[in-house]
Amino acid sequence: MTKIAKAIRASLIFLLTAVVLFSGLFGCAAQNTGTKGETSPSSETGTASYAAPEGYTLSRMVILSRHNIRSPLSGSGSTLGKMTTHEWTEWSTPTGELTLRGGMQETAMGQYFRQYLVEQGLMPENWQPSGEAVRFYANSMQRTIATAQYFAAGLLPVANQTIEYHCDLGTMDPVFTPQLTYVDEAFCAQAMEEIAAMGGAQGLRGITAALQDHYRLLEKVLDFQNSEYAKENGITALPDDEPQIHLEVNKEPSVTGSLKTATSASDALVLQYFEEPDDAKAAFGNALTWEQWCDIAHITDTYTTVLFTAPSVAVNVAHPLLMELESELTAQGRQFSFLCGHDSNVASVLAALGVEDYALLESVSQETPIGCKLIFACWTGPDGGDYAEVSLVYQTVEQLRGCRMLDLNNPPQKVKLSFAGLNANADGLYRLEDLLARFDEAICAYDVMTGSRLGDAA
């Protein structure tokens, strides 16, 4: 039975947000001892225009969001805690939950979109939507529900908006679980061929071979050779091994070996970089350049790419979410939808839809940055036709670390996405029917894979 997050009411969230914003802004101002500008190659904001294409009217927006800043998924007594001689930052929330800074920054994102959607005429100021006009739906994890709640507080501050989630708190919703719902010998052979191709001529071995310099940097920052983990395993460096990929039905794709171990530390270090404004403290006393932070983040990017973006895997794991997104794009009376999940959700949807390669400025992650939004903006054109623009919107590292407020003059970054095999019009938009046809292709690809066994992923 569907459960609504009624316990987190607007009055409470607004009060909490105000307290966090007040304390956080002062905390950032007091603690940010890093040298501004040394960690980012660009100070420009916006790689794609937010301006409405001339003669078009915004009619609907659907957002698939990754949760904002969380604490690491494992605690100090885990492998993560044993991999360094240093002490990890004192996180503001328990393991795997949205941090206070994450709540602040997600509220800022909601406030920005409030200004933008009011300016575009999709919603009035202080909108209190009724009926089916607005939907907020999150995976049943604390970090995704909380992200949706904070965004809603910024977007609709007087609407008392509730967040829909379908499972017990802390339980993965099948719509957002990037699990393989169909596996047979032919699927595994195809998927492994696609994954191995990511390593070039060396195949799977090439994936970790390309990360060796990144591993050495990570080991230096962690003081890995002197760590408890290294001593227990009789090693001084992360093994130069071939990743072992595991594809099992009703489970998420997984990997064992050094890539998994390194990703745990890479993920935690990048999160610590966002949480800790002091550059030296964030890097355990090391002076890292922007490029080195990008190298550390690239380990996690590689992990996500390997497990969730091979074409066969993406079509499989993203199937229920693709159907949900298509439903939101066509729902009668819907004006705004916000679905909140994880990096694996955004990455697999992008891959399943055939999105072409893109580059992100002012982000250490080049795939699915923390808190990023996959935006499907639907426009009515001057010819009366329906069009769509698809983009990835995210906060820059400076905006995240500096607790920057967002508005129309200081927007988050936006990168317009393109699709292999689809042609945009002169204004850079796709016909909505073409985008929906691409959704149908990805959804049908799963049905072909499974022998048209409809509903297996529901």
query: Just to be sure, is L117 in contact (Cβ under 8 Å) with a residue 40 or more places away in the chain and closer than 20 Å to L169 by Cα?
result: no
field: Which numbered condition Q128 fails, given (1) open to solvent by 30 Å² or more (accessible area, probe 1.4 Å); (2) in contact with a helix residue (DSSP H, G or I) (Cβ under 6 Å, 6 or more places away or on another chain)
entry: (2)
field: Count - residues of the stretch 265-302 that are at positive phi and among the small types (G, A, S)
entry: 1
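Yes/no matrix, rows are residues, columns are (1) under 19 Å from R216 (Cα atoms); (2) at pLDDT 95 or above:
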site	(1), (2)
K231	yes, yes
I235	yes, yes
I245	no, yes
E252	no, yes
E276	no, no
N286	yes, yes
- prompt: How many of the residues making up the stretch 94-109 are modelled with pLDDT of 95 or more and more than 20 Å from Q399 (Cβ to Cβ)?
  reply: 1
query: Here are L392, L422: which of them is aliphatic (A, V, I, L, M), at pLDDT 95 or above and outside any strand (DSSP E or B)?
result: L422
Search result, residues across the stretch 72-90 that are open to solvent by 50 Å² or more (accessible area, probe 1.4 Å), in a loop (DSSP other than H, G, I, E, B) and of a type outside the set (V, I, T): L73, S76, G77, H86, E87, E90
Flag for D383 being more than 30 Å from R101 (Cβ to Cβ) and part of a helix (DSSP H, G or I): no
Given (1) without any contact (Cβ under 8 Å) to a residue 24 or more places away in the chain; (2) buried (at least 17 other Cβ atoms within 10 Å of the Cβ), index of the condition V62 fails: (1)
- prompt: Any idea which residue in the stretch 405-446 is surrounded by the fewest Cβ atoms within 10 Å (Cβ to Cβ), counting only those that are hydroxyl-bearing (S, T, Y) and out of contact with any His (no Cβ under 6 Å at 6 or more places or on another chain)?
  reply: S418
task: Go through the residues of the stretch 178-190 one by one and say whether even a single one is free of Cβ contacts under 8 Å to residues at least 12 places away in the same chain, over 23 Å from the mean Cα position of the chain (by Cα), open to solvent by 10 Å² or more (accessible area, probe 1.4 Å) and under 15 Å from V306 (Cβ atoms).
output: no
- request: Would you check if there is a residue in the stretch 329-342 being open to solvent by 30 Å² or more (accessible area, probe 1.4 Å), out of contact with any strand residue (DSSP E or B) (no Cβ under 7 Å at 6 or more places or on another chain), of a type outside the set (D, E) and within 25 Å of A445 (Cβ to Cβ)?
  value: yes
Filter pass, T95 being within 19 Å of Q142 (Cβ to Cβ) and either part of a loop (DSSP other than H, G, I, E, B) or among the charged types (D, E, K, R) (or both): yes
- request: For S337, state whether it is within 17 Å of the chain's Cα centre (by Cα) and in a strand (DSSP E or B).
  value: yes
task: Answer yes or no as to whether V355 is farther than 30 Å from Q128 by Cβ, open to solvent by less than 10 Å² (accessible area, probe 1.4 Å), in contact (Cβ under 8 Å) with a residue 12 or more places away in the chain and aliphatic (A, V, I, L, M).
output: no
- request: Filter the stretch 133-165 down to residues that are hydrophobic (A, V, I, L, M, F, W, C) and more than 28 Å from P72 (Cα to Cα) and give me whichever is most open to solvent (accessible area, probe 1.4 Å).
  value: V158
Criterion (part of a loop (DSSP other than H, G, I, E, B), under 23 Å from N409 (Cα atoms) and among the small types (G, A, S)) met by exactly one of G102, G121: G121
field: Residue check, Q366 on the phi < 0 side of the Ramachandran plot, open to solvent by 20 Å² or more (accessible area, probe 1.4 Å) and touching a strand residue (DSSP E or B) at 6+ places or on another chain (Cβ under 7 Å)
entry: no
statement: For the stretch 389-401, pairs from a residue that is within 21 Å of E356 (Cα to Cα) to a residue that is of a type in the set (G, A, S) and in a strand (DSSP E or B), with Cβ under 6 Å and 6 or more apart or across chains, are E389/A377
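Listed here are the residues, each with its yes/no results for (1) of a type in the set (S, T, N, Q); (2) under 21 Å from N316 (Cβ atoms).
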| residue | (1), (2) |
| --- | --- |
| T177 | yes, yes |
| A191 | no, yes |
| I195 | no, yes |
| L204 | no, yes |
| N250 | yes, yes |
| G257 | no, no |
| S266 | yes, no |
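The values are calculated or read from the model by the stated rules, or taken from the named source; none is laboratory data. Everything numeric in this text was worked out from a predicted model, so none of it was measured. Cβ sites come from the backbone with ideal geometry, for glycine too, and all protein chains shown count toward neighbours. Accessible surface is based on the protein model in full, side chains and every heavy atom, while ligands, DNA and RNA are left aside. Shrake-Rupley method; radii C 1.70, N 1.55, O 1.52, S 1.80 Å.
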